[in-house]
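Right, one structure below, let's go through it.
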Amino acid sequence: AREKGGVRASRIATDPKYQRTRENNAEFGRGNAAAMKLRDAFRAFIQLTSDSRMPNRLNSRMLRILKADSIHDRGERQVLDENLGILNRFSFNAAALLSNTLFEKVSGTIERSTGTGSISLPAIDPTVKIAKPSGATHFQFSAALAAVDFSAGEESDYGFDMQESEITTITAPIEATELAPSIAPGSIGEMPMFLAFGVSFYQEVNGKHYSLNNGAYNSLTIIKIDTI
């Protein structure tokens, strides 16, 4: 009979030969924990779409942020505010990038003093400016604002708000759109803030709007990050 192979966990934890392994494991776990906090904060927003590989992609982005830390020693590197720009333009659905869905510049601002995120869109003709997936009859814009404390140990400490436009037919021009999710300023402190924007598609059947293909075509993207 063949005996179970591999290195014992106790040896990995103490043997100097496995110092690099311990450092990598520590940072891998720290990056995954930070990614989970961001997912927890945006959970209601993320549920608008479906991408089974999104958690892995977000974990990889968080590891890039950890590796960008030039202050702490290897194995002790942290998610520092000054490196969070690496998350800008992160798409929660790789199959529906915002640049391939909406052919219009989306501008966003974050006002920390009031806890408000603002997104402005000009009047548009959806038949020209939106890449309509087959079967879609209506669409909706959404904006989500989250403040996340990545230094709060294993607990998730965050603030969140989301606003959505009306569900609108995709065949007629619409007026300018303003969305302004907000979080109570007193709960934000020095937490980094993230503003995300989404385009969701629906199919109207007997007067009701159903999410098209369970949100597989919906585009959700982080477009602005604010840190102190």
If you build a Gaussian network model of the chain, linking Cα atoms that sit under 10 Å apart, which residue out of Gly198, Gly189, Gly115 swings the most? Gly189
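Find out how many positive minus negative residues lie around Phe90, taking Lys and Arg as positive, Asp and Glu as negative, among other residues whose Cβ is under 10 Å from that of Phe90.
On the way: positive: Arg57, Arg61, Arg89; negative: none.
Once all neighbours under 10 Å are counted, the net charge is +3.
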Taking R0 as 22 Å, what's the FRET efficiency between Tyr210 and Ala95 from their Cβ-Cβ distance, rounded to 0.05? 0.70
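Using R₀ = 30 Å, calculate the FRET efficiency as 1/(1 + (r/R₀)^6) where r is the Cβ-Cβ separation of Arg22 and Ser113; round to 0.05. Display every interim value, and only then the final one.
Values: r = 43 Å, r/R0 = 1.42.
The value I calculate is 0.10.
Which value does Rg/Rh take for the chain over its C-alpha atoms, Rh per Kirkwood?
On the way: Rg = 20.8 Å, Rh = 19.3 Å.
Rg divided by Rh gives 1.07.
Counting helices only, and only those DSSP H runs with n ≥ 4, report the 222 nm mean residue ellipticity of the chain as the sum of -39,500 (n - 2.57) divided by its residues, in deg cm²/dmol to the nearest 500.
One gets -7000 deg cm²/dmol as the mean residue ellipticity at 222 nm.
Could you please report the charge total around Pro173, scoring K, R as +1 and D, E as -1 over all other residues with beta-carbon less than 13 angstrom from its beta-carbon? Intermediate results must be reported in sequence, preceding the final value.
On the way: positive: Lys129; negative: Glu104, Asp125, Glu175.
Once positives and negatives cancel, what remains is -2.
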Give a residue-ordered list of calculated ³J(HN,Hα) values for the stretch 28-38 (Karplus: 6.51 cos²θ - 1.76 cosθ + 1.60, θ = phi - 60°; whole Hz; x for Gly, Pro). 4, x, 5, x, 5, 5, 5, 5, 5, 5, 5
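Arrange the peptides 143-151, 38-46, 60-68, 199-207 so that the one whose residues have, on average, the most other Cβ atoms within 10 Å appears first.
Per-residue mean Cβ counts within 10 Å order the peptides as 143-151, 38-46, 60-68, 199-207.
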Tabulate in residue order the Karplus-calculated ³J(HN,Hα) for the stretch 75-92, using 6.51 cos²θ - 1.76 cosθ + 1.60 with θ = phi - 60°, rounded to whole Hz; enter x for Gly and Pro. x, 10, 5, 10, 7, 8, 4, 5, 9, 5, x, 4, 7, 4, 6, 5, 9, 6
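Express the relative contact order of the chain as a whole percentage, based on alpha carbon pairs under 8 Å and six or more residues apart in sequence. Please list the in-between numbers first.
Details: 447 pairs, mean separation 54.0, N = 228.
Relative contact order for the chain comes out at 24 percent.
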So what J values fall out for the stretch 65-74 if you push phi through Karplus, 6.51 cos²θ - 1.76 cosθ + 1.60 with θ = phi - 60°, rounded to Hz, Gly and Pro as x? 5, 4, 5, 7, 5, 9, 9, 8, 5, 4
Given H placed on each backbone N at 1.01 Å, which residues far from Asp157 in sequence or on other chains put an amide H within less than 5 Å of it? Asp149
Amide H partners (placed H, <5 Å) of Ile170, local residues excluded: His138, Phe139
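Output the pairs from Lys67/Lys224; Lys129/Lys208; Lys105/Lys129 with a Cα-Cα distance over 20 Å in this structure; if there are none, say none.
Details: Lys67/Lys224 22 Å; Lys129/Lys208 24 Å; Lys105/Lys129 10 Å.
Check vs 20 Å cut-off fails for Lys67/Lys224; Lys129/Lys208.
Every read-out reported here was derived from the displayed coordinates using simple, explicitly stated rules and does not represent laboratory data. What you see is a predicted model, and the numbers here were worked out from it, not measured in a lab. Counting neighbours? That spans all protein chains shown, and the Cβs are built from the backbone with ideal geometry, glycine included.
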